[in-house]
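Written below as structure tokens is the structure these notes are about.
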Amino acid sequence: MIQRIKGTMDILPSETPLWRYIEGIMREEAEKYGYGEIRTPTFENTELFVRGVGDTTDVVQKEMYTFADRDEDRSISLRPEGTASVARAIIENGKCSDPMPLKYYYIISCFRHEKPQAGRSREFYQFGTEMFGSTSPASDATAIALASSVLRRLGLKNVKLHINSIGCKECRPAYRASLVEHFSSRRDKLCDTCKTRLEKNPLRLLDCKNPDCREGAELAPKTTEHLCPSCERSFNLLKNALDAMKIDYVVDSSIVRGLDYYTGTVFEFIADGIGAQSTVCGGGRYDGLVASLGGPELSGIGFAMGITRLIMAMREAGVDKIETKTPKVYIAAMGEGAMIKGLEIAERLRREGVFAECDVVGRSLKAQMKYANKISAEYTLIIGESELESGKAQLRNMQNGEQSEVELDSFVI
């Protein structure tokens, strides 16, 4: 038997109603905040992610699905995230000269070769948003408010907002130097990956889950203690805006995010009770990304939500049960002539917007009635030879057993 590839999932019809419900709320909330949907390719030139995400990140170094294009001499990669593709799209399609801000959302699949575990798969699904063209903390607050609104609509009360600022190109060098000094004194306790990060991207040491590295991170200098006046002012304005919007938060210096393009504000929504993969939403500001890809100096702020992790959080909170649609009418047909008539009636009802089912298996009447109960049909219409001859049949209410006679050729409900 051929099996699905490790780290992927089948989302069955019994599960997709919850997925559609979540995606529907995401679309409604994004559009309420003025975001429009964008759809970008599943694969891009590898260079886009090397330049955009960062060649020192685990994503680029270890996790991307990269291969040679069969017809052209180039390397392409399945997208590991959505932001770089959206930035490329606005540059390529001339959107950087449009009125600002630009606001986009997407629901996409992404691909990373990671160790599969609960809440982490190699093909995963994200809801993401990007806002370009505003350096104001008001745009940061708006992005966070949108994420908070989605989580609130989903009924998640066991999720906390953690915020931080990792500074800009003006204040980051001094902070980087203080990190290097701190971790260099503990070099012998660092994992091999962090020893490499110490030289290339020391900020990433704050995000390591290794216990020894974690201990060093807890004792490390805080990003918020090294902000320049501009970054400090922006971070304070963000906190004031969140307070005014009644969005609770905690300042968490361990939040740095894993991609190189982040600057200034970074944030995560963290869920209680779903294990190690507890971050259901993460995002931040990426003011240099568009320019690094060949576009103008255009600031940006965005986030991504992992849908699988959201579902885990919803199940933990007991808010994953949604009402699923059931047939209004099930047509039980006995014999070929009755089957044809049943199909005719079912199609007529569907064209009127009614959820109707008709037997297509050839079950016995007893089996069809059991099936009608199993799928929670509201009514059952039984058609046999005598009903075909008379042009009339009994419509049974499956809840109370009451029956009424209906005309087959004019039956509506």
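The values are calculated or read from the model by the stated rules, or taken from the named source; none is laboratory data. Since the structure is predicted, the reported quantities are computational estimates derived from the model, not experimental observations. Please note: Cβ atoms are built from the backbone with ideal geometry, for glycine as well, and neighbour counts cover all protein chains shown.
Side notes on the structure shown:
- Within the range 131-169, tally of residues that are among the aliphatic types (A, V, I, L, M), in a helix (DSSP H, G or I) and more than 17 Å from the chain's Cα centre (by Cα): 2
- Residue in the range 120-131 that is among the polar types (S, T, N, Q), in contact with a strand residue (DSSP E or B) (Cβ under 8 Å, 6 or more places away or on another chain) and either in the same structural domain as Gly264 (by TED's automatic domain parsing) or surrounded by fewer than 21 Cβ atoms within 10 Å (Cβ to Cβ) (or both) present: yes
- Screening the range 49-115 for strands (runs of 3 or more DSSP E) wholly inside it with 2 or more residues that are under 16 Å from Glu37 (Cα atoms) returns the ranges 102-111.
- Considering (1) closer than 30 Å to Leu310 by Cα; (2) in contact with a Leu (Cβ under 9 Å, 6 or more places away or on another chain); (3) of a type outside the set (S, T, N, Q), the lone condition that Tyr175 does not fulfil carries the number (1).
- Residue within the range 245-254 that is in the same structural domain as Val159 (by TED's automatic domain parsing), modelled with pLDDT of 85 or more and surrounded by 21 or more Cβ atoms within 10 Å (Cβ to Cβ) present: no
- In the range 381-413, the residues that are of a type in the set (S, T, N, Q) and farther than 17 Å from Glu344 by Cβ: Ser386, Gln394, Asn397, Gln399, Asn400, Gln403, Ser404
- If you check Ile331, Ile322, Ile270, Ile307 for being of a type in the set (A, V, I, L, M), surrounded by fewer than 23 Cβ atoms within 10 Å (Cβ to Cβ) and more than 30 Å from Ser136 (Cβ to Cβ), only one passes: Ile322.
- Failed item in (1) under 28 Å from Ala147 (Cα atoms); (2) not assigned by TED's automatic domain parsing to the domain that holds Asp55, with Glu199 passing the rest: (1)
- As for the range 362-375, it holds no residue that is closer than 16 Å to Glu407 by Cα and either surrounded by 13 or more Cβ atoms within 10 Å (Cβ to Cβ) or in contact with a strand residue (DSSP E or B) (Cβ under 9 Å, 6 or more places away or on another chain) (or both).
- Only a single item in (1) under 30 Å from Tyr104 (Cα atoms); (2) assigned to a loop (DSSP other than H, G, I, E, B); (3) touching a helix residue (DSSP H, G or I) at 6+ places or on another chain (Cβ under 6 Å) is not met by Ile301, and it is number (2).
- Annotation: Met1 fulfils all but one of (1) free of Cβ contacts under 8 Å to residues at least 12 places away in the same chain; (2) surrounded by 15 or more Cβ atoms within 10 Å (Cβ to Cβ); (3) not acidic (Asp, Glu); the unmet one is (2).
- Those residues of the range 273-293 which are surrounded by fewer than 24 Cβ atoms within 10 Å (Cβ to Cβ) and within 16 Å of Leu203 (Cβ to Cβ), in sequence order: Gly282, Asp287, Gly288
- Test result for Glu44, surrounded by 12 or more Cβ atoms within 10 Å (Cβ to Cβ), modelled with pLDDT of 95 or more, out of contact with any Gly (no Cβ under 8 Å at 6 or more places or on another chain) and in a strand (DSSP E or B): yes
- Condition check for Gly34: in contact (Cβ under 8 Å) with a residue 40 or more places away in the chain, in the same structural domain as Leu102 (by TED's automatic domain parsing) and in contact with a strand residue (DSSP E or B) (Cβ under 6 Å, 6 or more places away or on another chain): yes
- Selection count, the range 83-124, where residues are over 17 Å from the mean Cα position of the chain (by Cα) and of a type in the set (Ser, Thr, Tyr): 1
- Of all the residues in the range 173-192, those that are touching a helix residue (DSSP H, G or I) at 6+ places or on another chain (Cβ under 8 Å) and either within 30 Å of Ser230 (Cα to Cα) or assigned to a helix (DSSP H, G or I) (or both) number 9.
Residue-wise test of (1) among the aliphatic types (A, V, I, L, M); (2) at pLDDT 95 or above; (3) within 21 Å of Pro17 (Cβ to Cβ); (4) in the same structural domain as Gly155 (by TED's automatic domain parsing).
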residue	(1), (2), (3), (4)
Thr324	no, no, yes, no
Lys341	no, yes, no, no
Ile345	yes, yes, no, no
Glu357	no, yes, yes, no
Val360	yes, no, no, no
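- The set of residues in the range 399-413 being surrounded by fewer than 16 Cβ atoms within 10 Å (Cβ to Cβ) and either free of Cβ contacts under 8 Å to residues at least 60 places away in the same chain or not in a loop (DSSP other than H, G, I, E, B) (or both) consists of Gln399, Asn400, Gly401, Glu402, Gln403, Ser404, Glu405, Glu407, Asp409, Ser410.
- Counting only residues that are among the small types (Gly, Ala, Ser) and either in a loop (DSSP other than H, G, I, E, B) or within 36 Å of the chain's Cα centre (by Cα) (or both), the range 329-362 holds 4 of them.
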